[in-house]
């Protein structure tokens, strides 16, 4: 199987995602430049974090028009797994692959810290090795991570089990104090109706090795490897 990590001008977590997949999990992984108009054979596409196009206008607004995104949309619509992390999540909303939009953090400050997130949907390709309600410790780094969606869309999302992660405390309680950016109902990650496209603000690629003090991020990538292989992935 092969993973593709899209690189936009201003991406700064592409190398982290590449390292996590290729060096930590020993997966065939390639960079995909944003001007690419034809995708080769990939099994999973990753849109990394960073500041694509300097995050001018708003996060992901310009990256959405990169030539590669037409191919990413086709890839996602074919049912293959796509994950957008942080800025990549913003790009997915701008491209219409995921609902909602992002506002400035309610603190009006860039937030960089470890947070806890609770798994709400363990049936996506990226959460199949998570337990329902499992709490993960994952770092965040964003200034515009305040997820928002209108009430009607939120109701549809809840009915379709599209909320994948919520910010919580270490015990799994989704409290106001555990919400680092003001996101509606503590939402930290969502998926599309079909479940194959996932967006999350926390950075699992930054907690893949013991040397970093935390390996909780491995479950996200091991889940999709498990999904693609159709078999178990050992820890």
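Throughout, read-outs are computed from the coordinates displayed, never taken from laboratory work. Just so we're clear, the structure is a prediction, and the values are computed from it rather than from any experiment. Neighbour counts are summed over all protein chains in view; Cβ atoms, including those assigned to glycine, are modelled from backbone coordinates with ideal geometry.
I'd like the antiparallel share, as a percent to the nearest 5, of DSSP beta bridges with both residues in the chain. That works out to approximately 60 percent antiparallel.
Using R₀ = 22 Å, calculate the FRET efficiency as 1/(1 + (r/R₀)^6) where r is the Cβ-Cβ separation of residue 111 and residue 19; round to 0.05. Write down the numbers at each step before the final one.
Numbers: r = 24 Å, r/R0 = 1.07.
It comes to 0.40.
Ranked for footprinting exposure by Cβ neighbours inside 10 Å, fewest first, 102, 110, 41, 165 give 41, 110, 102, 165. When shorter helices are ignored and each DSSP H run of at least 4 residues is given -39500 (n - 2.57), the per-residue value for the chain at 222 nm works out to -5500 deg cm²/dmol.
Would you please classify the overall shape of the range 58-129 from the alpha carbon gyration tensor, given that a ≥ b ≥ c denote the square roots of the eigenvalues, rounded means a/c under 1.5, and beyond that prolate means a/b larger than b/c while oblate covers the rest? Because a/c hits 1.5 or more and a/b fails to exceed b/c, the range 58-129 counts as oblate. With equal scatterers on the alpha carbons only and no solvent term, can you work out the Debye log10 of I(q)/I(0) for the chain at 0.09 1/Å? So the normalised log intensities are -0.31.
Under the classification rounded if a/c is under 1.5, otherwise prolate if a/b is larger than b/c and oblate if not, where does the range 121-235 fall, given a ≥ b ≥ c as square roots of the Cα gyration tensor eigenvalues?
Values: a/c = 1.96, a/b = 1.22, b/c = 1.61.
Oblate, because a/c is 1.5 or more while a/b does not exceed b/c.
When the P(r) is computed for the range 41-181, the part past 21 Å accounts for 46% of the Cα-Cα pairs.
With a ≥ b ≥ c taken as the square roots of the eigenvalues of the C-alpha gyration tensor of the range 12-72, please select rounded if a/c is under 1.5 and otherwise prolate if a/b is larger than b/c or oblate if it is not? Each step should come with its number before you reach the end.
Details: a/c = 3.06, a/b = 1.41, b/c = 2.17.
Oblate shape, in that a/c is at least 1.5 and b/c is the bigger or equal ratio.
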